[in-house]
Amino acid sequence: MNHPKVSIIVPVYKVEKYLHRCIDSILTQTFTDFECILVDDCSPDKCPQICNDYAKLDARINVIHKTQNEGLPQTRKTGFENSSGDYIIFIDSDDWLETDMIEKLYNAAINSNADLAFCDFYVYNTHGYSYGIQTLDTENNFNNLGFVYWCTLWNKLFHREIINRIEFPKAGKYEDRAITQQALFYVKKIIKVPYPLYHYSYNQESMFREISIKIYLEWIENIIFVISFLHDNLGDKFLQKKRHINEYVNSFKFKILKNKTLRKEVVLLNFYPESGFKWWLFSHNIKKLIKLIIPRGLFIFYKKIKSPETE
């Protein structure tokens, strides 16, 4: 295809069990003017052959086999660099789409002249599924910057020019936020499609479910990436985000502190000292102590005033 309206970019790595479901959900879209770019990041299973088989079946599929494994964000970058659509969407290869997802997002973006359209989603895990609500402020984009909840990449359709301005991070963990925060800074208009159109599979086999120093170092790298981007681009307005950023960083450090393995790694706790973690931890423990003491004190006081005096 010379110039499709939408480019669907799918990084592929060790998802042999899920890849058919993902690609089938793309090929059955009611919106047909798209290219699907499958980027094989040197997957060691049958994924490369599965990608090739689909490319033979549908001319809209373009397969790129990378010569070395570089991780998820750089694989997304490779897909984007080889795309030509007016709008871009990144899909995770163990997830799947409602059949009208691309149509609804594209029409919403075109009809409202928006450079970002997004939707709600379903989250699947071993216990079943839940409804995920994407809460982006469509009136004041400044409120979307920082460490807002569910800052995901895969439920968003971006105008090409937005993605063209961002820098893809190198670290894999938390890379969604590193990309979307840049994109949200550059967008001028956002539109929401109020339906759950994306199916997010909480894959227990994913490397990001592991608790390891390497994973947390990558996570920290992208946290710093986001903070640095906001600091460099918001100017004086960065101070308005500082409290929220510190709260997120300190909550993250507290999570590390509670893990017996991770707490031994000083580098995991000493990043971004501006957050004031020691004071935050002291305040956290004081508040926890107060919650334990006051209810018991009130209970004793209540018993004392309600119980008849005995001699």
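At-a-glance table
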read-out: Breaking point among (1) of a type in the set (D, E, K, R); (2) in contact with a helix residue (DSSP H, G or I) (Cβ under 7 Å, 6 or more places away or on another chain); (3) within 20 Å of residue 197 (Cβ to Cβ), for residue 66; value: (3)
read-out: Hey, residue 132 farther than 24 Å from residue 41 by Cβ, surrounded by fewer than 20 Cβ atoms within 10 Å (Cβ to Cβ) and either of a type in the set (D, E, K, R) or in the same structural domain as residue 10 (by TED's automatic domain parsing) (or both) or not; value: yes
read-out: Of all residues making up the range 123-157, the number that are touching a Ser or Thr at 6+ places or on another chain (Cβ under 9 Å), under 19 Å from residue 109 (Cβ atoms) and in contact (Cβ under 8 Å) with a residue 60 or more places away in the chain; value: 2
read-out: Which numbered condition residue 203 fails, given (1) in a helix (DSSP H, G or I); (2) closer than 26 Å to residue 120 by Cβ; (3) at pLDDT below 95; (4) not small (Gly, Ala, Ser); value: (1)
read-out: Any hit, the range 226-240, residues being in contact (Cβ under 8 Å) with a residue 40 or more places away in the chain and under 16 Å from the mean Cα position of the chain (by Cα); value: yes
read-out: Pair list, Cβ under 7 Å, 6 or more apart: the range 247-267 residue under 12 Å from residue 216 (Cα atoms), other residue of a type in the set (Ser, Thr, Tyr); value: 256/216; 262/216
read-out: Hits in the range 30-69 (condition: touching a residue at least 60 places away in the same chain (Cβ under 8 Å) and surrounded by 15 or more Cβ atoms within 10 Å (Cβ to Cβ)); value: 31, 34
read-out: Any hit, the range 67-74, residues being in a helix (DSSP H, G or I), modelled with pLDDT of 95 or more, under 25 Å from the mean Cα position of the chain (by Cα) and closer than 15 Å to residue 163 by Cβ; value: yes
read-out: From 102, 179, residue being crowded, with 17+ Cβ neighbours inside 10 Å, farther than 14 Å from residue 6 by Cβ, among the β-branched types (Val, Ile, Thr) and assigned by TED's automatic domain parsing to the domain that holds residue 47; value: 179
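The values are calculated or read from the model by the stated rules, or taken from the named source; none is laboratory data. Remember, it's a predicted structure, so these values are computed and weren't measured experimentally. Because the Cβ atoms are built from the backbone with ideal geometry, glycine has one as well, and the counts that use them run over all protein chains shown.
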